[in-house]
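Student: A single structure is presented below for examination.
Read-outs throughout are calculated quantities, based only on the coordinates presented, and are distinct from any laboratory measurement. Bear in mind the structure is a predicted one, so any value in this text is a computation, not a measurement. Counting neighbours? That spans all protein chains shown, and the Cβs are built from the backbone with ideal geometry, glycine included.
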Amino acid sequence: MSLPNPDRIVKLTGIYLNRYESIPGSAPKEPLIAADSYDKWFNGMFRQSLESLLVIKGGRWAGAKEAAGIIRQSGLIVENGAAEILGLAVSDWVTANYPKFWLQGLELWKINKEMQGINPPRKVAVTVQESDHVVMLATTEIATMQDHLARHRRHIERMVGAGIARQWTTDRFMQAMTCPDGHIVGFSYGNSRYSWYEHMRRMIVGRSRMVAQSANEYRHFMEAANG
C-alpha cells in the first residue's frame with residue numbers, strides 16, 4: 001500500500017466533502033410536505049374540534065370548571081392527528097430512505113480507502129450485519145418520533161390550559177401555536193420553539209448525513225475488528 005500524493009489527497013478530500021454535503025439535497029422531501037399538511041389540518045379541523053369543546057363567551061374562552069376535560073380531549077385529538085399525518089410520514093421516510101443513505105455512506109468509505117492508497121471495489125454490497133444496523137437506526141428514529149408526538153400533545157395541553165385560564169380568544173391561541181416561520185409549533189426545546197416544518201427540515205438534513213457517516217464509520221470499524 002502506498003499513499004497517494006498530496007495533490008491527490010486534497011482532490012479526494014474535496015470530493016468527499018462535496019458528496020457528504022450533497023446527501024441531504026438528494027433526500028426525498030415527503031416529511032416537509034407532511035408538515036405543510038399538518039399546518040392545514042391544525043388551522044382547519046383541529047381548530048374547529050377545539051372550539052366545539054370550549055365554552056366561549058363574547059369570543060373569549062371560559063369554562064374553567066370544564067378545563068380538565070377540554071385539555072385532555074384536545075390533547076388526544078392533536079396527538080392522533082399528528083400521528084396520522086406526521087408520524088406515518090416519518091416512519092415511511094425512514095424505512096424507505098435509511099438504506100439509501102447507508103449506500104451513500106459506503107461511497108464515502110470508498111473515497112476514504114483511496115485516500116489510504118487502497119483501490120476500493122467498484123461495487124460494494126451491504127452486509128447482513130450492516131442491514132441489521134440500518135434497521136436498528138430506523139427503529140430508533142421512529143421511536144424518537146413517537147416521543148416527539150407525545151411532547152407535542154403535552155405542549156398543546158399546556159397551552160389550551162393557559163388559554164382557558166387567561167381567557168384567550170381562539171385567534172390568540174392560534175397565534176401562540178404559530179412559529180415565526182409561519183408553521184405550527186411542534187414542541188419547546190429549551191428556550192426555543194421549533195415548528196414541525198423546521199423539525200422535519202432538520203431531520204432530513206441531519207439524519208441523512210448521520211446514516212451515511214455511520215455506514216462509513218461502521219465499515220472501517222468492522223475492517224479493524226476483523227484484522
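Student: Under 17 Å between alpha carbons, and skipping anything fewer than 8 positions from K11 in its own chain: which aspartates and glutamates qualify?
Tutor: E21, E107, E114
Student: Another question, if that's okay. Pick out, in residue order, every one of the trypsin sites (Lys or Arg not before Pro) in segment 89-124 that is DSSP loop and has at most 10 other C-beta atoms within 10 Å; say none if there are none.
Tutor: Those that pass, being in a loop and sparsely packed, are R122, K123.
Student: Now, a different point. Which length gain, in nm to one decimal place, applies between H220 and V126 when the Cα-Cα distance is subtracted from 0.36 nm times their residue separation? Kindly include the intermediate steps, with their values, before the conclusion.
Tutor: On the way: separation 94, 0.36 × 94 = 33.84 nm, distance 1.35 nm.
Net length gain for the segment: 32.5 nm.
Student: So which lysines can K65 reach, going by Cα to Cα under 18 Å and dropping same-chain residues fewer than 8 places off?
Tutor: Result set, ordered by chain and number: K57.
Student: Multiply the residue gap between T13 and I56 by 0.36 nm, knock off their C-alpha separation, and tell me the result in nm, one decimal place. Working shown, then result.
Tutor: On the way: separation 43, 0.36 × 43 = 15.48 nm, distance 6.27 nm.
Stretched out fully, the T13 to I56 stretch lengthens by 9.2 nm.
Student: What is the sum of charges around G75, taking Lys and Arg as +1, Asp and Glu as -1, for the other residues whose C-beta is under 14 Å from the C-beta of G75? Mind dumping the intermediate values first?
Tutor: Details: positive: R72, R151, R153, R154, R158; negative: E79, E157.
Net of charged neighbours comes to +3.
Student: While we're here: Subtracting the Cα-Cα distance from 0.36 nm times the residue separation, let me have the gained length for S188 to T95 in nm, one decimal. Before the final figure, lay out the partial values.
Tutor: Values: separation 93, 0.36 × 93 = 33.48 nm, distance 2.67 nm.
Separation in residues times 0.36 nm, less the Cα-Cα distance, equals 30.8 nm.
Student: Have a look at L12, A82, W102 and report the one farthest towards the positive end of the charge dipole of the chain, computed about the Cα centre with Cβ charges (Lys/Arg +1, Asp/Glu -1).
Tutor: A82
Student: Please report, in debye to the nearest 20, how large the charge dipole of segment 6-225 is about its Cα centre when each Lys and Arg carries +1 at its beta carbon and each Asp and Glu carries -1 there.
Tutor: Values: 27 positive and 22 negative charges, 85 e Å.
Here segment 6-225 has a charge dipole of around 400 debye.
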